[in-house]
């Protein structure tokens, strides 16, 4: 073991700081009760001695590793990158760390969960990925809370936090209708994902209510990515035999952006003059000058806080909360890809912040 | 402890699979010698029993946690998101996991390193963030290899893997000169970061060699972000008293993209007719139809492999390799933001892949 040397211990730190060893241990344990001034004194002594507590060893007694696993299924969608960033920052503030697992989009996360369990993590957050109900049961049996972020697993008792995707789909349909659209198209995402399914369902339901015929709502799969949506949009609009739809719903922003770029660059279409476009998520990229996308904002900060509250990281003795499903309503953000009807002008003035750099 | 239950042990798995306990342990230990068929038999038995090995407990004997820490300083630049994705996938293939730490851009990572050390990680990868030389010493003293990804710390003996940023800056200057540019501007990144400094240095050096005066090379800071570069570009080109430069070097792609969008949308400028633009990184986003950015490609796969080879994850007894600094040459990718001079047509036809969706 050429890499190991003698190191200072918590005893040395306690001696230098003039406190007991248990105070040193509390100073490094997130959520422990300790006066801030004492904590600072301990940290200063630790720094001087290059002392670092061994979280791994202490986890064997506390049964807490202070690690939360985040399973990510689609890093091609910037929304999930923002989600990762947000969780990472919040968990660090709370003295926890994120163990990142990536799985291929659409792939099952069962293997990732088996790996997660080996690390005795304090909790699991699963985004944009599939998971079998058997795996959520295994996590629960082992005392590890799991929260599904922005999806749910039918038949599972895992708790989830999500935007009300169906209601958001309805909001976009409503905006198109208010702007006078009569025929519609959707670029959809992962057909196995509840997020895409729900947005589509809400969108279509609202249109049918208005008397739109199902044949006037076209649908094409866009692979949940910029590139996939760009190809899909061209397939949809090139060499058409029937008239083009008035409005296009990209069921997430990155797909709406891919479609806009392809249709403008390749087919010279003007937006919203030739085609209205609506998105979903309100990723920061959607605010950029070439897009100024009208979209539904997912309240990501709120969703992150809800997730953390279900995980109960500060109170591991609390029973795991199962079956929680509290959809959070998104907000329609009016920008420039759907003409704002007079009745909505007031809302548009108040919510449509753009990159006016 | 309401969250804990009795679980099957490696003894149960060994009995079911008909192997010894040490074979079970080898089956779950990345890099162990074990026949693939035997490994599969053990995994099948483990699945049946819902058995999961405890990596944390076994790390106390093996001194290996199979966790690698990745410290990220700038998630606003998609290049580092791709870096994270790439490391995450490669390390998972190798049976390792990524512990993610984010620090504010430009902020020191010393606190993150102290946290990293608590988790007894097998190695540290640091990207786009500052670090004191003292912290690299602490890692080395504790036997933890650290690799700086795409930067170096002057005066430190930490090993690093990076693109030859100065040479890449020269390549962009060369392309502008070949296309006939006479006056120049740069949008620069983190002034404390070696990446930005080196790209600027190479770019300016090449221009000075060609007899361009330093006063004909303007410079403005763009905060390494899309939004920062959009503002900087407008500041640079709006209400000018002197003639506009012929060519703009965004020292990373995301800044070049921000500048292009702002100049086109706000000032109606055409690229490359009114202004040539060059970038650096070749992020997938730079290939998109509205950008088709001429840029320098960082060989990210190669850089990731180099980093992993320096970490020696499979052979922890090996001495930590210090002071390695092997700059890897990037490749100029001709697309549409710099007119291709006749002498370069051949190169352009062969390297300028675009999103031709």
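The relative contact order of the range A:4-121 comes to 24 percent, based on Cα pairs under 8 Å that sit 6 or more residues apart. The Cα trace of the range B:10-53 gives Rg and Dmax of 8.9, 24 Å, the first to one decimal, the second as a whole number. Looking at the square roots a ≥ b ≥ c of the eigenvalues of the Cα gyration tensor of the range B:196-248, which shape do they give, rounded for a/c under 1.5, prolate if a/b is larger than b/c, or oblate? Oblate shape, in that a/c is at least 1.5 and b/c is the bigger or equal ratio. When all alpha carbon pairs of the range B:1-107 are counted in 10 Å bins from zero, the resulting P(r) reads 13, 33, 28, 18, 8, 0 %. For the peptides B:82-95, A:169-182, the ranking by packing is A:169-182, B:82-95, with the highest mean count of neighbouring Cβ atoms within 10 Å listed first. Between residue A:20 and residue B:63, the simple label model (points 7 Å from Cα in the Cβ direction) yields a spacing of 3.3 nm.
Taking the square roots of five times each eigenvalue of the Cα gyration tensor of the range B:121-193, the equivalent ellipsoid has semi-axes of 35, 12, 9 Å, listed largest first. With Kirkwood's inverse mean 1/r over C-alpha pairs for Rh, give me the Rg to Rh ratio of the protein assembly as shown, two decimals please. With Rg and the Kirkwood Rh in hand, the quotient comes to 0.99. Tilt of helix B:226-237 relative to the longest C-alpha principal axis of chain B, in degrees (0 to 90, nearest 10)? Helix B:226-237 and the main axis of chain B meet at about 10 degrees.
One chain, two ends: residue B:44 and residue B:137. Fully extended at 0.36 nm per residue, the span grows by 29.1 nm beyond their Cα-Cα distance. Peptides A:279-291, B:328-340, A:15-27, A:236-248 ranked from most to least packed by the mean count of surrounding Cβ atoms within 10 Å: A:279-291, B:328-340, A:15-27, A:236-248. Relative contact order of chain A, taken over Cα pairs closer than 8 Å and 6 or more residues apart, is 15 percent. How far is helix A:300-311 tilted off the main Cα axis of chain A, in degrees rounded to 10, range 0 to 90? Computed tilt is about 40 degrees.
The equivalent ellipsoid that matches the C-alpha gyration tensor of the range A:244-302 spans semi-axes of 21, 11, 9 angstrom, in descending order. Residue by residue along A:114-122, Cβ atoms of other protein chains within 10 Å of the local Cβ number 6 on average.
Taking every residue in A:219-228 and counting other chain Cβ atoms within 10 Å of its Cβ, the average works out to 1.
Across the alpha-carbon atoms of the range A:215-278, the computed radius of gyration and Dmax are 10.5, 28 angstrom. Estimated from helices alone, the mean residue ellipticity of chain B at 222 nm is -12500 deg cm²/dmol (sum of -39500 (n - 2.57) over DSSP H runs with n ≥ 4, per residue).
Pairs of Cα atoms nearer than 8 Å and 6+ residues apart set the relative contact order; for the range B:118-197 it is 26 percent. Stokes-Einstein diffusion for chain A at 10 °C, viscosity 1.306 mPa s, with a Kirkwood radius from C-alpha pairs, works out to 70 µm²/s.
Give the angle, between 0 and 90 degrees and rounded to the nearest 10, that separates the Cα long axis of helix A:253-267 from the longest principal axis of the Cα atoms of chain A. Compared with the principal axis, the helix lies near 40 degrees. In the range A:188-335, the ratio of gyration radius to Kirkwood radius, Rg to Rh, stands at 1.06 when only Cα atoms are counted.
The numbers here are math on the coordinates, done by the rules we state, and not lab data. Values in this document were obtained by computation on a predicted structure and should not be read as measured data. All Cβ positions, even for glycine, are placed from backbone atoms using ideal geometry, and neighbour counts span all protein chains on display.
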